[in-house]
Amino acid sequence: MGLQQYALGAAVSGGDFLVAEHVTVLHPASNTSISLIADPNNEPVPEAWLNLTGTGGGKCTTPTACPGPAGFAISKHMLRLSPSVTHTQSFDIVAHTAACFRPALKWSVDTYAKFWKPLHPGVRFVDGLGSYSSYLGNLTDPKWKEMGYQTSWDLSGRFFPYMGMFLPPVPTDDTQWLNDVEGTQKPANCSFRSIDTYYQMAQSESFSTLSYFNVFEYGINVQYSLEKGSASKSLNQLHWENASQYLQDNFQPALVTDYACAYHGPCAAGGWHRRNTSAQGSWQKSVVVDPWEGLGYDTSLLSQVQRKLDRLPHFQGLVVDRSDWNQLVNFAGDDGYTWVVNQPGRSFKRSYMQVLSKVRDLLDSQPGSDGNPNVMLANGVGFSWLPFMRVFDGTYSEGYDINAVGLLGLHSTSILWTYNSKECCATPEVADTFFQSHIRMGVFPMAPLPLNDHAIPGPDPLADPQYIYYGKFFNALRNASWILDAHPIQVLSVKSANASATARNIKTNAFTVGGDATRLYPLMLGGASQVTAADVLLTNIGAVSAWNFEILHGGSSVTWRSLTQVQHVSVQVTGDTATIRNIPLVRGCAMLRLTRK
């Protein structure tokens, strides 16, 4: 099979990548496995890879396809080698008595819970389909709840005057400023009161609202000097309306003008090489800035978070955009570890974790709307990485990396972009693959709301019926967490008009909801193989007599049904396992639910 390479945190040329330094080798013949699991507290490095060799790896499609030998290596690049620098990287080798990847994840979750689980369990109220829209009207049409819609992420610029000035220092709740007209939105006056009025209305309809945030990009049409000067000891708010002047007054040293970026990063042009003739630009002629402590920009960001907490009574939290800038190294700083293009620098990963730890502390310092904890989600597109998740409550990501955000969301919220109706709903077959892939991974797509920006707009006569068809599945997945016992569900056999169909044509998962009061088992993606029924084995469910067994198919008028009411289905109990036969699949899918009696 040769060498397979996977970058850490970010895809290279659209390929696969790692969200955690975690490798499990399975040995089905002996029903055992062994894992190498990195400590997510390890010092971050500019670049790391997993290299697989021999006949193993992610392209092995059956248990016997890759008998071995196989090997792997994790390589970390651009570390400073010096007598004065100590690098510590901790890994555990963990053995498991099952040929299954789940016990390895369970060990990691139990050992490093603060990276996998939200600090406050109550933040899962944001679970559900998302939107990124300038629409501020009501959402009283019941179809939104039928679809499973829940959370609005404020469209960038809808409520702020320019990037980096997310809530300006105006004197009263009714003082107005003009929004940043970008994307699909129109000019509009904003104030603390108008923002909070919208938040209050959405929340009164049982939806959630999260504010836009970004720690790396600043300004609009920024004029700057390469002379750095020094950071202001206290914020000078006088010229906040002028992005260039505000930068000069407060955090000129944060401007990034001497840097390098990963070859697959946002400023890439042929690989790591030094750039030192201008600032790194971005959207609307903004500039990239370093939020490292003492450079001034962190002070500005933290003051705005505090302002949101103080001046917006219905504030519920943040989504932090543009994780892709974590692939940049700033040569104006020195983190003591990084060495890129033969010189020291500061990895933006360290700046990111430092400033967001302070943001997290502020969010936790006082409750949000209705007494709920304040939420902070990450846009993982460009860099999805387990060590970052210590400060986040989940992800709300652009892109298509459903497995990446699904794995990071084993115990947290995962919302993933939907760009247009062709992506999700071009044909019924496309819709089945799209929605069932999300359901299987516990990932919520975007809903087709009016005025969505670079996301699926609505209403959409093609998409709306498909969203409503699958809506009950997504509503069931709110507050769901993966079951990480070995082999919690196994497909034993299938029925299909396609003679070549096998149990491997059904993709499954297993979740708990509300602790262990409810268990969900999606059976998905059987439509392409014309699978109409399946036999499954559920394991480690405890006293089977304690459960009610139910089934759900798609459709607005369809409800959960007891398996005892479904023709030809049988449930056979042996110890703490249940064999369920002749489970009917509609459009190649069904979901089983076990609820406590």
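The values are calculated or read from the model by the stated rules, or taken from the named source; none is laboratory data. Keep in mind the model is a prediction, meaning the values are calculated, not measured. Cβ: placed from backbone, ideal geometry, glycine included. Neighbour counts: every protein chain shown. Protein only, heavy atoms only, side chains kept; ligands, DNA and RNA dropped before computing areas. Shrake-Rupley method; radii C 1.70, N 1.55, O 1.52, S 1.80 Å.
Some notes on this structure:
- Some residue of the stretch 93-100 being open to solvent by less than 70 Å² (accessible area, probe 1.4 Å), under 26 Å from residue 360 (Cα atoms), in contact (Cβ under 8 Å) with a residue 60 or more places away in the chain and of a type outside the set (Ser, Thr, Tyr): no
- Of the residues 367, 373, the single one that is open to solvent by 10 Å² or more (accessible area, probe 1.4 Å) and under 26 Å from residue 476 (Cα atoms) is 373.
- Residue in the stretch 438-451 that is open to solvent by less than 10 Å² (accessible area, probe 1.4 Å) and in contact with an Asp or Glu (Cβ under 6 Å, 6 or more places away or on another chain) present: yes
- Restricted to the stretch 364-419, and to residues there that are touching a residue at least 40 places away in the same chain (Cβ under 8 Å) and β-branched (Val, Ile, Thr), the residue that is nearest to residue 132 (Cα to Cα) is 415.
- Matching residues, the stretch 471-498, being within 21 Å of the chain's Cα centre (by Cα), open to solvent by less than 10 Å² (accessible area, probe 1.4 Å) and not hydrophobic (A, V, I, L, M, F, W, C): 471
- Of all residue pairs spaced 6 or more apart or on separate chains, those with beta-carbon atoms under 7 Å, a first member in the stretch 324-345 that is surrounded by fewer than 20 Cβ atoms within 10 Å (Cβ to Cβ) and a second member that is assigned to a strand (DSSP E or B) are 334/344; 334/345; 334/346; 339/79; 341/260; 344/338.
- Any strands (runs of 3 or more DSSP E) falling wholly within the stretch 291-360 and containing at least 2 residues that are within 24 Å of residue 48 (Cβ to Cβ): 328-330, 338-340, 343-347
- Residue 157 falls short on exactly one of the conditions (1) closer than 17 Å to residue 314 by Cβ; (2) out of contact with any Phe, Trp or Tyr (no Cβ under 7 Å at 6 or more places or on another chain); (3) of a type outside the set (D, E, K, R); (4) open to solvent by less than 30 Å² (accessible area, probe 1.4 Å), and that condition is (1).
- Test: residue in the stretch 124-133 that is modelled with pLDDT of 95 or more, in contact with a Lys or Arg (Cβ under 8 Å, 6 or more places away or on another chain), surrounded by 18 or more Cβ atoms within 10 Å (Cβ to Cβ) and among the acidic types (Asp, Glu): yes
- Residue 386 falls short of the stated requirement of being surrounded by 22 or more Cβ atoms within 10 Å (Cβ to Cβ), at pLDDT 95 or above and of a type outside the set (Lys, Arg).
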